[in-house]
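Novice: This structure is in structure tokens; I'll ask about it shortly.
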Amino acid sequence: FSSAFNAFSDFESALELIFSPQAASVILYMAALKCGTNSCKKVKKSVKTKEEALNSLCELKDGERWGKIFFQNINFEKGFGEIVVAESFETKARKTEEPSCHFFRGFLAGFLSELFRKTVTVTEEKCAAKGDEHCEFVFE
């Protein structure tokens, strides 16, 4: 477990203290949205299909130790599906009572919105930080 992820957890806690937990979640989400968009733009330069872009994202984030991302039940024409993230960096140092992967959710929303060329909403259904086996997201 990287010290960078501990620092991220400390940063998130500081945002919650300075503003509020709700405001911190919005700040993290909005910042990550831009990161996800930029990441997709870079990935799209080296792939030909949306499926290749998703596979590239999974490999990239696994290599960066963000977690193991699995896309399933994807409709590439309409731009919806499900995402499972095992070992999410955002859940390793925090325990919560509600889904709390705001940065990851924003990153995925930015990446997928850029990939599908439309606004994509990502909702976290399960979260390892609250005791679920892994994190699960739905996007549409």
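Novice: If you roll a 1.4 angstrom probe over the protein chains with everything in place, what fraction of the accessible area of the chain belongs to carbon and sulfur, to the nearest %?
Specialist: That share works out to 51 percent.
Novice: Here is a further query. Compute the helix-to-body angle for 102-116: its Cα long axis versus the longest principal axis of the chain, expressed 0 to 90° and rounded to tens.
Specialist: 10
Novice: Treating only the Cβ of Lys, Arg, Asp and Glu as charged (+1, +1, -1, -1), what charge dipole size does the chain show about its Cα centre? Round to the nearest 20 debye.
Specialist: 660
Novice: Before anything else, pin down the relative contact order of segment 89-140: Cα pairs under 8 Å, at least 6 apart, normalised by residue count, whole percent.
Specialist: Relative contact order, segment 89-140: 37 percent.
Novice: Additional query: Can you tell me which of 13-19, 81-87 comes out highest on packing, and rank the rest after it, using the mean Cβ neighbours within 10 Å? Don't skip to the answer; put the middle values down first.
Specialist: Numbers: 13-19: 13.1, 81-87: 18.6.
Descending mean neighbour count gives 81-87, 13-19.
Novice: I'd like the projected area of the chain, averaged over all directions, using the convex hull of its alpha carbons. Report it in nm² with one decimal.
Specialist: Here the figure is 7.8 nm², rounded to one decimal.
Novice: Could you work out how far the C-alpha centroid of segment 25-40 sits from that of segment 85-140, in angstrom?
Specialist: Measuring centre to centre over Cα atoms gives 12 Å.
Novice: Place a label point 7 angstrom from the Cα of Gln22 along the Cα-to-Cβ direction, then list the residues of segment 65-101 whose backbone nitrogen is under 20 Å away.
Specialist: Answer for this model: 96-101.
Novice: Between 0 and 90 degrees, rounded to the nearest ten: what's the tilt of helix 3-18 against the longest Cα principal axis of the chain?
Specialist: On a 0 to 90 degree scale, this one is about 70.
The values are calculated or read from the model by the stated rules, or taken from the named source; none is laboratory data. Quick caveat: nothing in here was measured; it's all calculated off a predicted structure. Every residue, glycine as well, gets a Cβ built from its backbone with ideal geometry; the counts of neighbours run over all protein chains shown. Areas reflect the complete protein model, heavy atoms only, side chains present, ligands, DNA and RNA absent. Shrake-Rupley method; radii C 1.70, N 1.55, O 1.52, S 1.80 Å.
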